[in-house]
Amino acid sequence: MTLSATATDGATVTFASTNTSIATVGASTGTVTGIDEGVCVITATATKSGETAIATCILTVTPAAEQGEG
């Protein structure tokens, strides 16, 4: 899964996970990788000219569904 954030021209956007044992996120790409079951918060922070805007996403990681035989 990849998260995206739209910011004004010249703003720098970085992503972070509150619990990297549950999910990691690429700091500049927003690409999320589930590591283990659980809940964490992914944060996108946009910074420009000393001002900061923050958006959060609560992420729940669950096991992948098993595929049936067919």
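The values are calculated or read from the model by the stated rules, or taken from the named source; none is laboratory data. Not measured: the values here are computed from a predicted model. When we count neighbours, we look across all protein chains shown, and the Cβ atoms used for this are built from the backbone with ideal geometry, even at glycine. Protein only, heavy atoms only, side chains kept; ligands, DNA and RNA dropped before computing areas. Shrake-Rupley method; radii C 1.70, N 1.55, O 1.52, S 1.80 Å.
Overview of results
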| item | result |
| --- | --- |
| Qualifying residue in region 38-58 (condition: without any contact (Cβ under 8 Å) to a residue 12 or more places away in the chain and of a type in the set (A, V, I, L, M)) | yes |
| Qualifying positions in region 32-58 - open to solvent by 60 Å² or more (accessible area, probe 1.4 Å), in a strand (DSSP E or B) and closer than 14 Å to Met1 by Cβ | Thr33, Ile58 |
| Verdict on Ala27 being of a type in the set (A, V, I, L, M, F, W, C), assigned to a strand (DSSP E or B) and out of contact with any His (no Cβ under 9 Å at 6 or more places or on another chain) | no |
| For Ala64: the one exception among (1) under 11 Å from the mean Cα position of the chain (by Cα); (2) in a loop (DSSP other than H, G, I, E, B) | (1) |
| Residue that is modelled with the highest pLDDT, among those in region 2-13 that are over 13 Å from Thr56 (Cβ atoms) and surrounded by 15 or more Cβ atoms within 10 Å (Cβ to Cβ) | Val13 |
| Sole exception among (1) in a strand (DSSP E or B); (2) at pLDDT 95 or above; (3) over 13 Å from Ile58 (Cα atoms) for Ser21, by number | (1) |
